[in-house]
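*Asks:* Structure incoming, see below.
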Amino acid sequence: MIPVADALNALFDLVVPLDTEEVPLTQAAGRTLAQPLQARRDQPPFSASAMDGYAVRSGDVALGATLDVIGESAAGHGFDGTVGAGQAARIFTGAPLPAGADRVIIQEDVTRAGDRITVTDQPSDNFNVRPLGADFRTGDTLAAPRVLTPSDVALIAAMNIARVPVTRRPVVAIIATGDELVQPGETPGPDQIIASNSYGLHALVTAAGAEARLLPIAGDSLDEIKQVFDLARGADLILTIGGASVGDHDLVGPAAESLGMDRAFYKVAMRPGKPLMAGKLGEAMMIGLPGNPVSAMVCGHVFVVPVIRAMLGLGRMPAPRVTASLAAPLAANGPREHYLRGVVSAEGARAFDKQDSSLLTVLSDANCLIVQPPNGPAQDTGEMVDILML
């Protein structure tokens with residue numbers, strides 16, 4: 001067995017950078033920006049009014065002053081004249097500030113009679129002007145790599161960029177194995193169960209930015225497993241579920257090796273998730289996950305998601321952890337790193353009493369994994385622990 005950190009580093013060493021493609025702005029959210037983007041214009045592209053009111057020269061603003069209104073500036077229809085001494089131009093929010101003006105006095109601070117306004121309230125010190133380039137200037141850069149948020153997409157649009165260079169989504173082929181499995185919605189036999197792991201992993205890798213391909217269930221025979229492996233051609237990452245231990249029906253390893261898999265490691269000092277296998281199968285990475293549903297999903301969070309992020313160019317980093325105080329004591333841990341399903345709230349982190357790796361209800365109720373180091377001592381309420389948020 002190897003430590004979790006060593007297993008993760010070995011997986012990162014198998015990662016091959018992916019190609020770049022361009023997508024329209026409407027498809028950019030959630031994708032990974034592959035190259036820095038430079039603004040093609042200033043924003044705002046002119047000094048603009050931040051309020052509805054009157055554009056004036058600041059030297060003319062005083063309580064009781066009267067000014068002649070000589071024109072109007074609206075959004076999309078600026079005033080092309082010049083505001084001189086003793087003059088004002090009606091202006092609306094977002095409209096260009098006319099030449100000669102350097103200040104907007106809000107409409108609530110004046111009264112208007114015909115084409116003349118009178119300053120009737122003491123103006124504030126706010127000039128109510130958004131200067132040219134106050135948000136960004138031509139050539140300013142949006143850094144990469146980054147997962148693009150809706151706010152990023154709005155920024156890119158304002159930078160006048162219509163197509164965005166992003167990293168290609170890694171294709172992840174998911175293969176569940178075992179004669180005992182049937183698909184959701186089918187009628188299982190008396191000795192069969194539903195294939196739940198593959199659907200949980202499909203959701204997990206999709207949320208991480210990959211393109212998931214759910215392949216047929218492979219039964220417990222070398223020929224059948226090899227046939228399903230053949231359907232995974234073209235994938236960047238192959239995830240197998242189950243069949244990676246050492247029982248008579250655990251045939252994923254022998255099947256993969258017969259197809260030329262170069263194994264990187266087998267077995268990790270963690271629970272749940274010990275029978276984890278990884279290597280290279282042709283051009284694809286392969287990770288053999290345990291068959292227990294919680295074990296497969298925990299390994300998905302600990303190993304698969306960081307690998308996908310590395311494929312997308314987002315760095316070789318483990319799943320982020322935060323610290324929290326314990327809301328209930330924890331017993332001492334054994335020799336393997338332990339990922340306890342639990343909940344974290346304002347009261348602190350609390351592990352569930354039931355930690356069996358087959359209990360999906362417990363995993364569904366959990367919002368975090370409490371991480372106990374190998375041979376960690378018992379801990380009391382109030383002591384700090386590392387947690388991985390789910």
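*Asks:* For the chain, take the longest principal axis of its alpha carbons; what is the angle in degrees between that and the long axis of helix 4-14, to the nearest 10 within 0 to 90?
*Replies:* 80 degrees
*Asks:* Please work out the Kirkwood hydrodynamic radius for the stretch 86-169, using every pair of different C-alpha atoms, and report it in angstroms with one decimal place.
*Replies:* 16.7 Å
*Asks:* Viscosity 1.567 mPa s, temperature 4 °C: Stokes-Einstein D of the stretch 185-292 from its Kirkwood Cα radius, in µm² per second?
*Replies:* In µm²/s, the coefficient rounds to 89.
*Asks:* A follow-up question, please. When only DSSP loop residues count, what chymotrypsin sites (Phe, Trp or Tyr not before Pro) in the stretch 13-89 have their Cβ near at most 15 other Cβ atoms within 10 Å?
*Replies:* Counting only loop positions with at most 15 other Cβ atoms within 10 Å, the chymotrypsin sites (Phe, Trp or Tyr not before Pro) in the stretch 13-89 are PHE46.
*Asks:* Would you list which aspartates and glutamates come within 16 Å of LYS280, measuring only between C-alpha atoms, while excluding same-chain residues fewer than 8 positions from it?
*Replies:* ASP13, ASP230, ASP236, GLU257, ASP262
*Asks:* Another question, then. With each run of n ≥ 4 DSSP H residues scored as -39500 (n - 2.57), what mean residue ellipticity at 222 nm is computed for the chain after dividing by its residue count and rounding to the nearest 500 deg cm²/dmol?
*Replies:* When only DSSP H runs of four or more count, the value is -5000 deg cm²/dmol.
*Asks:* Another question, then. What is the local net charge at ARG271, summed over the other residues whose Cβ is closer than 9 Å to its Cβ (Lys, Arg +1; Asp, Glu -1)?
*Replies:* Combined, the nearby Lys, Arg, Asp and Glu give +1.
*Asks:* Simple spin-label model, 7 Å along Cα-to-Cβ: THR93 to ASP19 in nm?
*Replies:* In this crude label model, THR93 to ASP19 measures out at 4.7 nm.
*Asks:* Along the charge dipole of the chain, which of GLY30, VAL61, LEU326 sits closest to the positive end, that is, farthest toward it, with unit charges on the beta carbon of Lys, Arg, Asp and Glu (+1, +1, -1, -1)?
*Replies:* VAL61
*Asks:* Net charge within 12 Å of HIS202 by Cβ-Cβ distance, Lys/Arg positive one each and Asp/Glu negative one each, not counting HIS202 itself?
*Replies:* Charge balance near HIS202 sits at 0.
*Asks:* Sticking with this structure for a sec: Output the 0 to 90 degree angle, nearest 10, between the alpha-carbon long axis of helix 222-231 and the longest principal axis computed from the alpha carbons of the chain.
*Replies:* With both axes taken from Cα atoms, the answer is about 20 degrees.
*Asks:* Let me ask another. Hey, rough spin-label estimate for ASP179 and MET384, points 7 angstrom out along Cα→Cβ, what's it come to in nanometres?
*Replies:* 5.3 nm
*Asks:* To continue, here is another question. Where the convex hull is taken over the Cα atoms of the stretch 279-360, what is its projected area averaged over directions, in nm²?
*Replies:* Average of the hull's projected areas for the stretch 279-360 equals 7.4 nm².
*Asks:* Contour minus end-to-end for GLU72 and ALA10, with contour as 0.36 nm per residue of separation and end-to-end as the Cα-Cα distance?
*Replies:* Contour length minus Cα-Cα distance gives 15.6 nm.
*Asks:* What FRET efficiency comes out for the pair THR118/ALA207, r = Cβ-Cβ distance, R0 = 51 Å, nearest 0.05?
*Replies:* For THR118 and ALA207, the calculated efficiency is 0.25.
*Asks:* Put +1 on the Cβ of each Lys and Arg and -1 on the Cβ of each Asp and Glu in the stretch 170-241; which of ILE217, GLY234, GLY200 then has its Cα farthest toward the positive end of the dipole?
*Replies:* GLY234
*Asks:* Sticking with this one: Whole number please: convex hull volume per residue, Cα atoms of the stretch 196-244, in Å³.
*Replies:* For the stretch 196-244, the hull spanned by Cα atoms encloses 78 Å³ per residue.
*Asks:* Just the C-alpha atoms of the stretch 22-180: what Rg/Rh do they give, with Rh taken as the Kirkwood radius?
*Replies:* Result for the stretch 22-180 is an Rg/Rh of 1.28.
*Asks:* Could you work out how far the C-alpha centroid of the stretch 39-92 sits from that of the stretch 348-366, in angstrom?
*Replies:* First find each Cα centre; the distance between them is then 63 Å.
*Asks:* Which of the GluC sites (Glu not before Pro) found in the stretch 207-305 are in a DSSP loop and have at most 13 neighbouring Cβ atoms, other than their own, within 10 Å?
*Replies:* GLU283
*Asks:* Using Cα atoms only, what is the angle between the long axis of helix 197-207 and the major principal axis of the chain, expressed in degrees (0 to 90) to the nearest 10?
*Replies:* Roughly 30 degrees, rounded to the nearest 10.
*Asks:* Run the dipole for the chain about the Cα centre, Lys and Arg Cβ at +1, Asp and Glu Cβ at -1, nothing else charged, and hand back the magnitude in debye, nearest 20.
*Replies:* Dipole magnitude for the chain comes out near 600 debye.
*Asks:* Given the convex hull over the Cα atoms of the chain, what projected area results after averaging over all orientations, in nm²?
*Replies:* 26.9 nm²
*Asks:* Follow-up question, since we're still on this one. Karplus couplings for the stretch 265-277 from phi (6.51 cos²θ - 1.76 cosθ + 1.60, θ = phi - 60°), rounded to Hz, Gly and Pro as x?
*Replies:* My calculation for the stretch 265-277 gives 6, 8, 6, 10, 7, 8, 9, x, x, 4, x, 9, 10 Hz in order.
*Asks:* At 1.4 Å probe size, with the rest of the protein present, what percent of the exposed accessible area of the chain is carbon and sulfur atoms?
*Replies:* Answer for the chain: carbon and sulfur cover 51 percent of the accessible area.
*Asks:* Just the number please: accessible area per residue for the chain, 1.4 Å probe, all protein chains included, in Å².
*Replies:* Using a 1.4 Å probe on heavy atoms only, each residue of the chain averages 47 Å².
*Asks:* Which of ILE91, ILE370, ILE174 ends up with the largest GNM mean-square fluctuation for the chain, with Cα atoms connected below 10 Å?
*Replies:* Looking only at ILE91, ILE370, ILE174, the largest GNM fluctuation is found for ILE91.
The values are calculated or read from the model by the stated rules, or taken from the named source; none is laboratory data. No experiment lies behind these values; they were computed from the predicted model shown. Positions of Cβ are backbone-derived with ideal geometry, glycine not excepted, and every protein chain shown enters the neighbour counts. For accessibility, only protein heavy atoms count, side chains too; no ligands or nucleic acids. Shrake-Rupley method; radii C 1.70, N 1.55, O 1.52, S 1.80 Å.
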